[in-house]
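> This structure is in structure tokens; I'll ask about it shortly.
The values are calculated or read from the model by the stated rules, or taken from the named source; none is laboratory data. This is a predicted model, so every value here is computed, not measured. In this analysis, Cβ positions are derived from the backbone assuming ideal geometry, glycine residues included, and neighbour counts consider all displayed protein chains. For accessibility, only protein heavy atoms count, side chains too; no ligands or nucleic acids. Shrake-Rupley method; radii C 1.70, N 1.55, O 1.52, S 1.80 Å.
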Amino acid sequence: MMTGREVVGTFEHDNLFSGTTHSVDVCQITIVAGAKHTRGELMGVNNDGECDILGTEGYTAAYVLAEDADATDRKVVATAYRSGGYNRNALIVKDRYTLSATDEKTLRDAGIYLDNMMM
């Protein structure tokens, strides 16, 4: 018998968002084959409109990945954020890559705002 108190899902807070000042816009992106990706990765876009984790050569900062995506064997379409306010300390870039002032300006010009928050 259903009581109306059943658990239908769970959510673990990941501190990805920095607040509600900036509106969040969601879109679909195509991720190139070659790796698994995690929610919160900063995604870059290449000249062909395909995406990979920021720090990959030839990719310009563009999106925040909204969900995990497995592109190990093939290109995949995934959900990403193309605007909003995000916690800089929760975002993920490629190993040994440091987010540059140019990256931040590109993101800001696109409507993605980064703030520092404690995790």
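> Can you work out which of the residues in the range 8-20 that are among the hydroxyl-bearing types (S, T, Y) and out of contact with any Asp or Glu (no Cβ under 9 Å at 6 or more places or on another chain) is surrounded by the fewest Cβ atoms within 10 Å (Cβ to Cβ)? Show your work before the answer.
Taking the range 8-20 first, the residues among the hydroxyl-bearing types (S, T, Y) are 10, 18, 20.
Still in the list and also out of contact with any Asp or Glu (no Cβ under 9 Å at 6 or more places or on another chain): 10, 20.
On the way: T10: 5, T20: 9.
Filtering the range 8-20 for residues that are among the hydroxyl-bearing types (S, T, Y) and out of contact with any Asp or Glu (no Cβ under 9 Å at 6 or more places or on another chain), the one surrounded by the fewest Cβ atoms within 10 Å (Cβ to Cβ) comes out as T10.
> In the range 79-118, which residues are open to solvent by 50 Å² or more (accessible area, probe 1.4 Å), within 15 Å of G19 (Cβ to Cβ) and outside any helix (DSSP H, G or I)?
Y113, D115, N116, M117, M118
> Also, quick follow-up: Report the residue count in the range 46-64 for those that are of a type outside the set (G, A, S), surrounded by fewer than 17 Cβ atoms within 10 Å (Cβ to Cβ) and in a loop (DSSP other than H, G, I, E, B).
Qualifying residue count for the region: 4.
> Another question, if that's okay. Pull out all pairs, ordered by first then second residue, where Cβ-Cβ is under 7 Å, the residues are six or more apart or on different chains, the first lies in the range 65-78 and is in a loop (DSSP other than H, G, I, E, B), and the second is hydroxyl-bearing (S, T, Y).
Cβ pairs passing all conditions: A66/T79; A66/Y81; E67/T79; D68/T38; K75/T30.
> For the range 24-36, which positions are within 13 Å of Y63 (Cα to Cα) and without any contact (Cβ under 8 Å) to a residue 60 or more places away in the chain?
Scanning the range 24-36 gives V26, C27, Q28, I29, T30, I31.
> Take the range 21-30 and flag every residue that is part of a strand (DSSP E or B) and either surrounded by 16 or more Cβ atoms within 10 Å (Cβ to Cβ) or more than 14 Å from the chain's Cα centre (by Cα) (or both).
I29
> Output the qualifying pairs, or none if there are none: Cβ atoms under 8 angstrom, residues six or more apart or on different chains, first residue in the range 45-64 and in contact (Cβ under 8 Å) with a residue 12 or more places away in the chain and charged (D, E, K, R), second residue in a strand (DSSP E or B) and open to solvent by 30 Å² or more (accessible area, probe 1.4 Å).
Hits for this filter: E50/T30; D52/A35.
> Let me ask something else about it. Of the conditions (1) part of a loop (DSSP other than H, G, I, E, B); (2) buried (at least 19 other Cβ atoms within 10 Å of the Cβ), A33 satisfies every one except a single condition; which number is it?
A33 satisfies all of (1) part of a loop (DSSP other than H, G, I, E, B); (2) buried (at least 19 other Cβ atoms within 10 Å of the Cβ) except (2).
> Right, here's the next one. Give the residues of the range 60-77 that are over 10 Å from the mean Cα position of the chain (by Cα) and either more than 18 Å from G111 (Cα to Cα) or basic (K, R) (or both), sorted by residue number.
Of everything in the range 60-77, those that are over 10 Å from the mean Cα position of the chain (by Cα) and either more than 18 Å from G111 (Cα to Cα) or basic (K, R) (or both) turn out to be A69, D70, A71, T72, D73, R74, K75, V76, V77.
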